[in-house]
Amino acid sequence: MIKNKIIITGRPGYGKSSLILRFIQYYQEKGRIIHGFLTPEVRNKSKRIGFDILDIATGKKDILARTRIINSKFKLGRYDVDLNFLEEIISRLDSKEDSQDSLIIIDEIGKMELFSDIFQQWLIKIFNSERKIISTIGLNLKHSLKTFILHRTDSILFHLNRENQEEIFSRVLTLL
């Protein structure tokens, strides 16, 4: 079985998002079509105040979570979560018919994103497809979709730590 669903996990701060950015840069330089999203943290001075969501294809960015969002019905810890832009990205991605050479980047499959039923349904659909995927997933996430993703025969899980980023980068390049 071809392993074309790459899943990266690891502790916060170990470089999952940095590794994802390296894959994006590498594959863009190779002319690959890349779709998906990033969820960079937002800081005010040295304090994290939330997360944005960035559409890789368009470069458009919006709020995913902040310490205070008015009218948010989704809350995780001290963050209010706004799923509008995430679901807009997913709707656009769901309507695309790309070549098999395109790559989907998901940074990340986490508790905030999984508040969205649209996101959950889309994950099932793309993981059941032949699409090539590189995704990060929460190390301590407990959700049935994590089990679904990790137990697929076409998925491979990499545990990132501070010493193995180069090794994982090289191994993923040989798989995709």
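Please state which of the following conditions residue 66 fails to meet, knowing it meets all the rest: (1) surrounded by fewer than 17 Cβ atoms within 10 Å (Cβ to Cβ); (2) in contact with an Asp or Glu (Cβ under 9 Å, 6 or more places away or on another chain); (3) charged (D, E, K, R); (4) farther than 30 Å from residue 163 by Cα.
Result: residue 66 fails condition (1) only.
What residue, among those in the range 89-106 that are loosely packed, with under 15 Cβ neighbours inside 10 Å and in a helix (DSSP H, G or I), is modelled with the lowest pLDDT?
Only one residue fits best here, namely 95.
Among the residues of the range 111-129, what is the count of those that are closer than 13 Å to residue 149 by Cα, in a loop (DSSP other than H, G, I, E, B) and not hydroxyl-bearing (Ser, Thr, Tyr)?
Result for the range 111-129: 1.
Which one of 63, 90, 137 is touching a strand residue (DSSP E or B) at 6+ places or on another chain (Cβ under 9 Å), touching a residue at least 24 places away in the same chain (Cβ under 8 Å) and within 22 Å of residue 18 (Cα to Cα)?
137 is the lone residue from the list that is touching a strand residue (DSSP E or B) at 6+ places or on another chain (Cβ under 9 Å), touching a residue at least 24 places away in the same chain (Cβ under 8 Å) and within 22 Å of residue 18 (Cα to Cα).
Taking the range 69-88 on its own, how many of its residues are surrounded by 13 or more Cβ atoms within 10 Å (Cβ to Cβ) and either among the aromatic types (Phe, Trp, Tyr) or touching a Ser or Thr at 6+ places or on another chain (Cβ under 8 Å) (or both)?
Total meeting the criteria: 9.
On the given criteria, is residue 39 in contact with a Phe, Trp or Tyr (Cβ under 6 Å, 6 or more places away or on another chain), touching a residue at least 12 places away in the same chain (Cβ under 8 Å), surrounded by 15 or more Cβ atoms within 10 Å (Cβ to Cβ) and within 19 Å of residue 133 (Cβ to Cβ)?
Details: in contact with a Phe, Trp or Tyr (Cβ under 6 Å, 6 or more places away or on another chain): yes; touching a residue at least 12 places away in the same chain (Cβ under 8 Å): yes; surrounded by 15 or more Cβ atoms within 10 Å (Cβ to Cβ): yes; within 19 Å of residue 133 (Cβ to Cβ): yes.
Against the criterion (in contact with a Phe, Trp or Tyr (Cβ under 6 Å, 6 or more places away or on another chain), touching a residue at least 12 places away in the same chain (Cβ under 8 Å), surrounded by 15 or more Cβ atoms within 10 Å (Cβ to Cβ) and within 19 Å of residue 133 (Cβ to Cβ)), residue 39 qualifies.
Within the range 25-60, can you find the residues that are in contact with a Gly (Cβ under 9 Å, 6 or more places away or on another chain), of a type in the set (A, V, I, L, M) and either over 25 Å from residue 166 (Cα atoms) or in a helix (DSSP H, G or I) (or both)?
42, 57
Just to check your reading of the model, which residue among 136, 153 is closer than 22 Å to residue 2 by Cα and either out of contact with any Asp or Glu (no Cβ under 9 Å at 6 or more places or on another chain) or in a loop (DSSP other than H, G, I, E, B) (or both)?
Values: 136 fails: either out of contact with any Asp or Glu (no Cβ under 9 Å at 6 or more places or on another chain) or in a loop (DSSP other than H, G, I, E, B) (or both).
Of the residues listed, the single one that is closer than 22 Å to residue 2 by Cα and either out of contact with any Asp or Glu (no Cβ under 9 Å at 6 or more places or on another chain) or in a loop (DSSP other than H, G, I, E, B) (or both) is 153.
The values are calculated or read from the model by the stated rules, or taken from the named source; none is laboratory data. Every value quoted in this text rests on a predicted model; they were computed, and no experiment measured them. Note that we place each Cβ from the backbone using ideal geometry, even for glycine, and neighbour counts take in every protein chain shown.
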